[in-house]
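Values in this text are rule-based calculations from the coordinates and carry no lab data. All values derive from a computational prediction rather than experimental measurement. Cβ placement follows ideal geometry from the backbone for every residue including glycine, while neighbour counts extend to all protein chains displayed.
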Amino acid sequence: MKNYQCKKCATLIQNTKQPSSSGCPEGGFHQWTNLGDVGSVNYQCKKCATLVQSNRQPSSSGCPSGGFHQWTKL
């Protein structure tokens, strides 16, 4: 399982493959970023407040608040 987040609408999904891009509530298509494998350690982005469970620091790409995620281990 991997963590996927849309950088347009901030939707976070745990799935085995990239989710469908259709139907983004912000209009048009989702723009999914693979944040990495699902795990048991909590990480939260200081910029967008996204909470992700992973065994290592998630990818910093695709923060919905712009630029890069700034992850803090909780």
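When only Cα pairs under 8 Å and 6 or more residues apart are kept, what is the percent relative contact order across the chain? Intermediate values should be presented prior to the final figure.
Details: 173 pairs, mean separation 20.7, N = 74.
Over the chain, the number comes to 28 percent.
Just to be sure I understand, if you calculate P(r) over Cα pairs in 10 Å bins from 0, in percent for this structure, which of (1) 18, 40, 27, 12, 3; (2) 15, 24, 22, 14, 17, 7, 0; (3) 23, 54, 22, 1 do you get?
(3)
For the chain, build the charge dipole from Cβ charges (+1 Lys, Arg; -1 Asp, Glu) around the Cα centre, then report which of 6, 33, 67 sits farthest towards its positive end.
Comparing the listed Cα positions along the dipole, 67 ranks first.
Within 10 Å, count the other beta carbons around each residue, average over each peptide in 43-49, 55-61, 25-31, and list them highest first.
Numbers: 43-49: 16.1, 55-61: 14.6, 25-31: 13.0.
Ranked from most to least packed, the peptides come out as 43-49, 55-61, 25-31.
Suppose the chain between residue 55 and residue 68 were pulled fully straight at 0.36 nm per residue; how much longer would it get relative to their current alpha carbon spacing?
2.7 nm
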